[in-house]
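I have placed the structure first, in the form of structure tokens, so that the comments after it can refer back to it.
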Amino acid sequence: MNEPAVAAPRTVSHDLPVSPELAAFMADGWAASPLPGDIRLPVADVTAVRRERLSALFPGERLIVPAGELKVRSNDCDHRFRPHSAYAWLTGLTGEEQAGHVLVLEPDGPHRHEPVLYVRPRSPRDGAEFYRDRRYGEFWVGPRPDLGEAERMTGIRCAHQDTYAQLPPGRDASRDPELATALSELRLIKDAWEVEQLQLAVDHTTAGFTDVVRALPRALAHPRGERWIEGVFALRARTEGNGTGYETIAASGAHACVLHWIRNDGRLDPSELLLLDAGVETDTLYTADITRTLPLSGRFSPVQRQVYELVLAAQEAGIAALKPGASFRDFHRAGMRVIAEGLAEWGVLRSAEGDLHRRYTLCSSGHMLGLDVHDCAQARANTYLDGVLEEGQVLTVEPGLYLQSDDETLPAALRGIGVRIEDDLVITADGARLMSGALPRTPDAIESWMGELMEG
Ligand code: GLY
Ligand code: MN
Ligand code: MN
């Protein structure tokens, strides 16, 4: 096999030229600098089992699962890179240095595959990449594992990325819907290690919500209080994990009626509610997805409490419907029944029958959760939306009422109130375990929790 050609380092026009003397000086005098510590990933044994499950679905076929490529933000600046969830799930590799890497499951006889990981190894110190290349150079973006280190981390045989181009084609998860669907469906049931990671994500998110409540006095005083909240949560997410698992929704007052309000540029009004929908993503890339709707004064007004209690009752009904064998749609139906009846009782709807309540609820009330906030999104309807729940699935239950400020079907007092309550649950042998129960949910519990934090 030919040696891979040495590519010119990626530089920009304002980089200073390098003299031959400097180039020669840079090439020498470096001690060996292996990655420190025990580098085998704790998840390496579990990923082998996952790859075998995938292998069994595609006997004799070459399977290609790319980590994905860096995306330019502007000029020589890239967006922060996060590897594709399927790649992370199969390799355990989650770092920014995974950009451009590819996992290949090479058919090895009719019934098994040999995994090979094509990686860009650490740049050798006798070239210029390590100190000149803005995109991949060790002195620009940090060290990368060499081939041996990547093998020890993952337990997967590793090859230089440059040799990947010589491979015959195969099924590529970034283009092949059948492979993408299989990868989504294999991830529907979480293994014990994944449930642990998700609990960690939930626990850090709980801490982030607590930080936000503590910071409310400062946020209320700032002209863009929603941004202040976003920033406070981001601090927790970035210090405890990889970051947030999706853009934080910090929506005060009528902004809460916009499902994915991520502009977060509003001022906070103490007479209004704050809808905070946020999740910490762990270093292993599992995310929580939690929403609390909180009175910014620390106390619900009677009408806010009325709306909140209806959504809470819907959520309780949804949670009670979770168990193995129940259809995925059951918890949504149970929650929406409560909402429709409540709206009819308030006189907003003439009847609880039909689907007119959807004017005020807008979206479905839950989804799978895992490496992605909207996890397993390429699973077929018969395994997800029209499927049945199974032990080990993790999902959200998140009913809401979004009472738009310009909705003339509503009494004036209800207009401009948005409430969502969202929790994360794992399906157990006989029901579901609330993973996010450490955050208060009832109005009384919220008021006393906020009272303690805002005074302290
Ligand atoms: N945070 C998006 C969602 O709740 O689905
Ligand atoms: Mn959600
Ligand atoms: Mn959410």
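At a glance:
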quantity: Gyration tensor verdict on region 209-354 (Cα atoms; rounded if a/c is under 1.5, prolate if a/b is larger than b/c, oblate otherwise); calculated: oblate
quantity: Whether region 1-122 is rounded, prolate or oblate, judged on the alpha carbon gyration tensor where a/c under 1.5 counts as rounded; calculated: prolate
quantity: Alpha-carbon spread of region 306-429, three principal axes, descending order, Å; calculated: 44, 25, 23
quantity: Three-way shape label, region 393-456, alpha-carbon gyration tensor, a/c 1.5; calculated: oblate
quantity: Cα-derived Rg to Rh of region 58-104, Kirkwood definition; calculated: 1.08
quantity: Debye, to nearest 20: dipole size of the chain, +1 on Lys, Arg Cβ, -1 on Asp, Glu Cβ; calculated: 540 debye
quantity: Acute angle (nearest 10 degrees) that the helix 225-240 long axis makes with the longest principal axis of the chain, alpha-carbon atoms; calculated: 50 degrees
quantity: Three principal axis lengths of region 143-208 [C-alpha, angstrom, descending]; calculated: 48, 35, 21
quantity: Sites Leu167 and Asp386, calculated FRET efficiency, Cβ-Cβ separation with R0 45 Å, nearest 0.05; calculated: 0.75
quantity: Tail fraction, Cα-Cα pairs, region 176-265, threshold 21 Å, whole percent; calculated: 46 percent
quantity: Per residue solvent-accessible surface (Å²) - the chain, probe of 1.4 Å; calculated: 46 Å²
quantity: Packing-based order for 233-243, 280-290, 403-413, using average beta carbon neighbours within 10 Å, highest first; calculated: 280-290, 233-243, 403-413
quantity: Qualifying trypsin sites (Lys or Arg not before Pro) in region 145-185, DSSP loop, other Cβ atoms within 10 Å at most 15; calculated: Arg175
quantity: Dmax and Rg, reported as Rg then Dmax, of region 233-288 (C-alpha, Å); calculated: 12.4, 39
quantity: Over the chain: Kirkwood hydrodynamic radius from C-alpha pairwise inverse distances, Å; calculated: 24.4 Å
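The values are calculated or read from the model by the stated rules, or taken from the named source; none is laboratory data. In this text the structure is predicted, and so the values were computed from the model without any measurement. Using ideal geometry, Cβ is built from the backbone for each residue, glycine included, and neighbour counts are taken over all protein chains shown. What goes into the accessible areas is simple: the full protein's heavy atoms, side chains included, and nothing from ligands, DNA or RNA. Shrake-Rupley method; radii C 1.70, N 1.55, O 1.52, S 1.80 Å.
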